[in-house]
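The values are calculated or read from the model by the stated rules, or taken from the named source; none is laboratory data. Just so it is clear, the structure is predicted and the values come from calculations on it, not from any experiment. With ideal geometry, Cβ positions are generated from the backbone for all residues, glycine too; neighbour counts draw on all protein chains shown. The accessibility values were calculated without ligands, DNA or RNA, using every heavy atom of the protein model including side chains. Shrake-Rupley method; radii C 1.70, N 1.55, O 1.52, S 1.80 Å.
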Amino acid sequence: MSRIARAAPAGLIYHVLNRSVGRVKMFRRDADFDAFERIIRQAHERCPLRLLAYCIMPTHWHFVAWPQKEGELTDFFRWLAHTHAMRWRVSHHTVGYGHLYQDRFKSFVVKRDRHLLTLCRYVERNALAAGLVERAQDWRYGSLFARAEQESGSSFRAASSHGHPIGALLSDWPVERPANWIDLVNRPLTEKELERVRLSLARSRPFGPDDWTRRTASRLNLQYTLRREGRPAKKKAEKN
């Protein structure tokens, strides 16, 4: 049976995610991260998708992307994951061991308002939340570090073994980024914010206010993401 076509119209903003099979550490050393960043740059040369934020973690990655053309999102991330998987298997001498990624990438629509800011905070503080760094901006494989370095003109990464920066690939956001953005990213999300983001991830649900979520789900034929989990309760038999 063929796969259902992915609904990813241009002009909308997407949270894009993929994970390794069995939580395999795809990125174990600096060279693994560097190789993936080279593939990001190559993917961007092929398809200049607007990238708003990203974070590369040992077993998975997150991007926030804003396609301008139909098919752009799929073209970029399908090539990115496929190319990375092939090169990773070759470099780690595991060709023929099966899939590297769990499945094709997942994408979730997000509204371009405060929900986009919440999502970008979630993505950019991923390494901090996982305890990999003490400050979100210290994670070298994410957009918070890359954008700050790009804006400051730092040559740290270009002169080190960590490869070249990719901050130049990052696009401006459609909403204003607060002046204290780094401080905001370092603050934990509220339980309500986390719950909403995790629900979007778990159900592939559009991320935004309730009325927008319902309209967007209807437009993209994603009504199933709004249903409650489990079987519907059976109606009680009427008494005679």
Search result, residues across the range 42-58 that are in contact with a Leu (Cβ under 7 Å, 6 or more places away or on another chain) and open to solvent by 10 Å² or more (accessible area, probe 1.4 Å) | HIS44
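Yes or no, residue by residue, for (1) of a type in the set (Gly, Ala, Ser); (2) touching a Gly at 6+ places or on another chain (Cβ under 9 Å); (3) more than 23 Å from SER200 (Cβ to Cβ):
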| site | (1), (2), (3) |
| --- | --- |
| GLU37 | no, yes, yes |
| ALA43 | yes, no, yes |
| LYS69 | no, no, yes |
| PHE77 | no, no, no |
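So that you can scan it fast, the table gives a plain yes or no per residue for (1) within 18 Å of ALA146 (Cα to Cα); (2) outside any loop (DSSP other than H, G, I, E, B); (3) among the hydrophobic types (A, V, I, L, M, F, W, C); (4) touching a residue at least 24 places away in the same chain (Cβ under 8 Å):
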site: ARG19; (1), (2), (3), (4): no, yes, no, yes
site: ARG28; (1), (2), (3), (4): no, no, no, yes
site: PHE33; (1), (2), (3), (4): yes, yes, yes, yes
site: ARG41; (1), (2), (3), (4): yes, yes, no, yes
site: THR83; (1), (2), (3), (4): no, yes, no, yes
site: ARG104; (1), (2), (3), (4): no, no, no, yes
Given (1) at pLDDT 95 or above; (2) surrounded by 18 or more Cβ atoms within 10 Å (Cβ to Cβ), THR83 misses just (2)
Residue match in the range 68-78 (condition: touching a helix residue (DSSP H, G or I) at 6+ places or on another chain (Cβ under 6 Å) and either aliphatic (A, V, I, L, M) or not in a helix (DSSP H, G or I) (or both)) | no
ALA81: passes all of (1) farther than 17 Å from LEU169 by Cα; (2) touching a helix residue (DSSP H, G or I) at 6+ places or on another chain (Cβ under 7 Å) but (2)
